[in-house]
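Worksheet for the structure shown next.
Nothing in this text is a laboratory measurement; each read-out follows from the coordinates by a stated rule. Note that this is a predicted model, so its numbers are computed, not measured. Virtual Cβ from ideal backbone geometry, glycine too; neighbours counted across all protein chains shown.
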Amino acid sequence: MKLVAMLFFLAASFWETKAPSDWTDDELIRMFTDSPWGQMAEGTGASKDSHVAAVQVYLATAGPMREAEKQRELRYLRKVVETPMDTEYRLWLEDNRATQIVVAVRIPRTKDFDDASATKRMEEESVMRVGRKKYKVTGHFPPTANDVYLRMAFPREVQATDKMVTFELYLPGVTPPFRTVEFRVKDMMVKGKLEM
């Protein structure tokens, strides 16, 4: 029995075996770039040799990612005055976390959100696919001076029995603007609960 417990411990990921405050800096970075909830998304149609910058995408409503965001803020971000948009997002999230999934995308050129046509295109062309079903974005919060992440909301329609959830995103401020990101549902289970 001790051998089984030891093998499970060795196989378990750091987010299951360590408190977030005990994650190393490298582990914290991995949460945002190479975990069941975070990855670097290549441009749609881009080859490995095309030198298109990958964009950081993560599921901001997943419990492990909320903990990772807290740790990132504690370790690296200086305290700044919250903008009205930051406050609006925080309050909206408190009210909607149970019914919405939020995808956060690091945006290199935030000024592109000043273009209403680009924002409209993002709203029209960004979708979440679960099996054969497709869901449109239900809202978004543009990047701010304090938060360089675009936050896009989708209805919480993913079940533990689903295989994959795919986000097809049109992203103003990113070149090329189309990104497809896939998350395997079974990998997002933590202690028997789907974390999204």
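Residue order for K186, K191, fewest other beta carbons within 10 angstrom first, comes to K191, K186. Here are a few candidate values for Cα extents along the principal axes in Å: (1) 46, 39, 37; (2) 61, 43, 40; (3) 67, 39, 33. Which one was actually calculated from the structure I just gave you? Given (1) 46, 39, 37; (2) 61, 43, 40; (3) 67, 39, 33, the calculated one carries the label (2). Across the chain, the mean sequence separation of Cα contacts (distance under 8 Å, 6 or more residues apart), normalised by length, yields a relative contact order of 22 percent. If you take the square roots of the eigenvalues of the alpha-carbon gyration tensor of region 128-196 and sort them as a ≥ b ≥ c, do you get rounded (a/c under 1.5), prolate (a/b over b/c) or oblate? Prolate, because a/c is 1.5 or more and a/b exceeds b/c.
Less than 5 angstrom separates the built amide H of A60 from those of V102, V103, A104, all sequence-distant by 5 or more or on a different chain. Where only DSSP H runs of four or more residues are counted, the chain gives -9000 deg cm²/dmol as its mean residue ellipticity at 222 nm, each run worth -39500 (n - 2.57). About the centre of its Cα atoms, region 75-161 shows a dipole size close to 460 debye [charges on the beta carbon of Lys, Arg (+1) and Asp, Glu (-1) only; nearest 20 debye].
This ranking places E69, E88 by how few other beta-carbon atoms lie within 10 Å of each, fewest first, which gives E88, E69.
A simple rule links phi to the HN-Hα coupling: the Karplus curve 6.51 cos²θ - 1.76 cosθ + 1.60 with θ = phi - 60°, which for region 181-189 gives 10, 10, 10, 7, 4, 4, 6, 9, 7 Hz, with x for Gly and Pro. Considering only alpha-carbon pairs that sit under 8 angstrom and 6 or more positions apart, the relative contact order computed for region 132-196 is 22 percent. Shown for the chain: lysine pairs separated by 8 or more places, or found on different chains, whose C-alpha atoms are under 16 Å apart, numbering 9.
Ordering V130, V105 from the fewest to the most neighbouring beta carbons within 10 Å gives V130, V105.
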